[in-house]
Amino acid sequence: MLLEVQSDCEHIASLAKALGDSLDRRDPFAPLGKNLVYERAAAVMPGCASCIVPGAIVRALWAEQGALLKKDASIHFEA
């Protein structure tokens, strides 16, 4: 699968590079401990455990395959 990620964050850029074109269409559906996106994120994003981007990548891949509705999503924290 072709994945295009745009980010100013060097860690996210490293993740995109680590994923490259190695994703199989089944990879996003793998369990959390065996999911290639999360495995590569753990390897190239030390100290970024709270980052929401790897999860967003997985959900974008689900949406591209028709397994998730393409709708806007957001996370909002009350201060």
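For the chain, what does the relative contact order come out to in percent, with C-alpha contacts under 8 Å and a separation of six or more?
Taking the mean separation of contacting Cα pairs over the length of the chain, I get 23 percent.
Out of LEU36, ALA16, ALA73, whose Cα points farthest toward the positive end of the dipole of the chain (charges: +1 Lys, Arg; -1 Asp, Glu; placed on Cβ)?
Selected residue: LEU36.
What lysines does LYS17 reach when the alpha-carbon gap must be under 23 Å and sequence neighbours fewer than 8 apart in one chain are set aside?
Hits, sequence-local ones excluded: LYS34.
What is the extension gain from TRP62 to ARG25, computed as 0.36 nm multiplied by their sequence separation minus the C-alpha to C-alpha distance, in nm to one decimal?
12.4 nm
At 0.36 nm per residue, and after removing the present C-alpha to C-alpha distance, how many nm does the segment from LYS34 to CYS48 gain when stretched out fully?
Computed gain between LYS34 and CYS48 is 3.2 nm.
Using the Karplus curve 6.51 cos²θ - 1.76 cosθ + 1.60 with θ = phi - 60°, what ³J(HN,Hα) values do you get for each residue of the stretch 48-63, in whole Hz, with x for Gly and Pro?
3J(HN,Hα) across the stretch 48-63, in whole Hz: 10, 4, 8, 5, 8, 5, x, x, 5, 5, 4, 5, 5, 5, 4, 4.
Would you calculate a helix-derived [θ] at 222 nm for the chain, using -39,500 (n - 2.57) for each DSSP H run of n ≥ 4 and dividing by the full residue count, to the nearest 500?
-11500 deg cm²/dmol
Once you sort the root eigenvalues of the Cα gyration tensor of the stretch 31-79 as a ≥ b ≥ c, which label holds: rounded (a/c under 1.5), prolate (a/b larger than b/c) or oblate (the other case)?
oblate
Rule-based calculations on the coordinates, nothing more; no lab input. This is a predicted model, so every value here is computed, not measured. Positions of Cβ are generated from backbone atoms using ideal geometry, with glycine treated the same way; all protein chains shown enter the neighbour counts.
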